[in-house]
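The values are calculated or read from the model by the stated rules, or taken from the named source; none is laboratory data. What you see is a predicted model; the values in this text were computed from it and never measured. Reconstructed Cβ throughout: ideal geometry from the backbone, glycine too, with neighbour counts over all protein chains shown. For the accessible areas, the whole protein counts, side chains as well, though only heavy atoms, and no ligand, DNA or RNA atoms are used. Shrake-Rupley method; radii C 1.70, N 1.55, O 1.52, S 1.80 Å.
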Amino acid sequence: MPSRAPAPATTKITRQPNGQNSLLVEPDTQLPKIVVVGGGAGGLELVTKLGDRLGRRNKAHVTLLERSRTHVWKPLLHEIAAGSMDTSRHELGYLAQGHWHGFRFRYGEMIGLDRQNKLVHTAATFDDEGRQITPPRSFPYDYLVIAIGSVSNDFGTPGVAENAIMLDTPQQAERFNQRLINACIRANTQADPIADGQLNVTIIGAGATGSELSAELHQTTRGLVAYGLDKVVPERDIKLTLLDAESRILPALPEKLSTAAANVLTGLGVDIKTNSFVTEVSDKGVTLKSGEFIPSELVVWAAGVKGPDVLANLDGLEVTASNCLVINDTLETASDPNIFALGDCTYLLPKGAKAPIPPRAQSAHQQASHIYKQIRRRMSGRKLKPFKYHDFGSLVSLGEYSTVGTLMGFISGKSMWIEGMFAKLMYRMLYKMHLVALHGYSKVALDTLSRLITRRTEPHVKLH
């Protein structure tokens with residue numbers, strides 16, 4: 001079903017807090033203006049539902065503001081980095097999604113907020129040659145949702161910004177993959193023997209991303225070499241090291257899951273070093289607090305998260321020490337009831353709980369569904385309801401080698417241990433649930449079938 005034509009917009013000049021002039025984009029409509037900032041897992045699911053239920057039916061004017069043009073589910077980034085997934089086959093264009101689902105996509109990064117006048121400010125955008133694509137703009141709102149996710153926290157560790165790669169965006173994941181492929185081709189064509197440490201990869205941070213990446217890299221490096229890099233012997237030349245400052249890997253997950261994952265990775269030859277605090281990252285490798293130096297061609301930083309810097313100066317909104325927006329149990333920001341927030345950029349400590357809601361995809365999914373209902377309640381003058389988080393368990397995929405995790409029982413409240421093919425199926429279902437929220441069951445079923453067919457005619461590892 002085609003969406004309705006978006007309402008026309010008028011513009012005038014306004015001034016941002018930094019003194020820079022910007023275009024004020026004013027939709028020519030009397031409808032409530034809903035603006036969602038951030039097109040990650042939760043943000044895109046929310047704006048899609050708002051567009052389908054309100055935008056298409058002329059009950060609201062719905063806009064998505066996002067600094068990227070395409071969406072990739074963030075839990076897939078480690079697979080893109082390892083080369084077991086091609087970004088182009090899994091990315092979704094925001095412009096097309098908006099056209100199909102009744103919302104407007106506007107390209108630009110949020111850099112400020114004017115709560116008194118209810119304006120969101122975005123920066124100008126530029127192409128690779130420095131030419132301006134979009135000017136600085138300001139967007140009015142009646143209801144605002146901030147869903148800009150999190151970024152890696154290097155805790156001020158020397159050399160991380162210059163010499164390590166983080167996996168916050170598809171571009172960073174692809175950059176790592178290109179450097180990995182180039183390193184292997186370089187080693188295969190050089191006249192000298194492959195030196196010790198030349199193909200070493202060190203992953204700092206043994207949470208879900210780091211642990212899953214190490215297993216994927218073990219698999220894909222062997223696949224890459226099998227396509228003709230006969231000078232490289234993976235068992236001899238490629239070493240994977242997984243570091244964490246805690247006493248075990250996957251410290252935020254149950255110990256049984258941590259032990260199972262560690263056993264699988266150790267069996268693959270991954271060198272796991274716990275209680276290892278990194279003091280510096282150089283272009284030659286990683287230095288630990290103990291004085292040990294780990295030679296590394298590639299370093300991935302996957303230790304710790306924080307809110308994006310813009311949240312620290314967002315017109316007085318309250319943030320934590322890790323720069324996350326403080327929200328209450330209705331998912332409104334603590335400082336402004338007209339602003340909702342969800343996902344990794346938020347901090348919510350439920351009543352009676354000892355720990356905040358964890359930054360997981362299932363959290364963002366549940367919060368997106370709840371905020372949709374909250375906005376509907378607010379629009380009709382009804383009282384908002386508190387958000388209740390349901391932990392459905394934890395799953396860790398270790399490539400083709402194993403998937404382990406726990407599922408939470410709905411009746412007993414106890415967790416059930418799962419592993420093997422069933423666990424792998426459940427892990428893949430998490431992604432399919434996200435796709436269903438964006439496209440519906442029929443399109444996801446057809447897309448799954450097409451991928452099963454093309455998978456048999458393509459290499460299982462990215463080679464370029």
Furthest towards positive pole of dipole, ALA41, LEU331, SER22, structure part the chain, Cβ charges: LEU331
Residues whose placed amide H lies under 5 Å from that of SER415, excluding near-sequence neighbours: GLY409
Compactness index (Cα Rg / 2.2 N^0.38 Å), segment 45-195: 1.33
C-alpha long axis of helix 441-454 to longest principal axis of the chain, angle in °: 30 degrees
Folded to 0 to 90 degrees: helix 170-189 orientation relative to the chain principal axis, Cα: 20 degrees
Protection proxy ranking of 149-158, 103-112 - average other beta-carbon atoms within 10 Å, highest first: 103-112, 149-158
Reduced Cα scattering model of segment 320-443, Debye log10 I(q)/I(0), q = 0.23 Å⁻¹: -1.31
Amide H within-cut-off set for GLY112, under 5 Å, with H built and near neighbours excluded: HIS121
Rounded accessible area per residue of the chain, 1.4 Å, Å²: 48 Å²
Residues of type lysines that LYS59 reaches as a straight line, Cα spacing below 30 Å, ignoring anything fewer than 8 places off in the same chain: LYS12, LYS33, LYS49, LYS118, LYS373, LYS383, LYS385, LYS388, LYS432, LYS443
Chain lengthening between ASN58 and GLU255 when straightened (0.36 nm per residue, less Cα-Cα): 65.9 nm
Cα extents of segment 245-364 along the three principal axes, largest first (Å): 51, 34, 21
Per-residue HN-Hα couplings for segment 113-122 [Karplus 6.51, -1.76, 1.60; θ = phi - 60°; Hz; x = Gly/Pro]: 8, 10, 6, 5, 9, 6, 10, 9, 9, 10
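For GLN178 and TYR431, calculate 0.36 nm times their separation in residues minus their Cα-Cα distance, and state this gained length in nm to one decimal.
Answer, rounded to one decimal: 88.6 nm.
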Computed over segment 180-293, Kirkwood Rh from alpha-carbon pairs, angstrom: 15.0 Å
In order through segment 422-427: 3J(HN,Hα) via Karplus (6.51 cos²θ - 1.76 cosθ + 1.60), integer Hz, x for Gly, Pro: 5, 5, 5, 4, 5, 4
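Remind me, relative contact order of the chain in percent, using alpha carbon pairs under 8 angstrom and six or more residues apart?
Answer for the chain is 15 percent.
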Amide proton proximity set for TYR347, modelled H, under 5 Å, gap of 5+: LEU325, VAL326, ILE327
Rounded to 5, percent antiparallel among DSSP beta bridges of the chain: 55 percent
Packing-based ranking, highest mean first, of 201-209, 130-138, 398-406 given that Cβ atoms within 10 Å are counted: 201-209, 398-406, 130-138
Karplus 3J(HN,Hα) series, Hz, for segment 299-305 with 6.51 cos²θ - 1.76 cosθ + 1.60 (x for Gly, Pro): 10, 10, 9, 10, 10, x, 10
Two-decimal log10 I(q)/I(0) for the chain, as the Debye equation yields it once each C-alpha is a single scatterer, q = 0.10, 0.12 Å⁻¹: -0.79, -1.13
Using alpha-carbon coordinates, inclination of helix 361-379 to the longest axis of the chain, degrees: 0 degrees
Separation of alpha-carbon centers, segment 108-129 and segment 92-106, rounded to whole Å: 19 Å
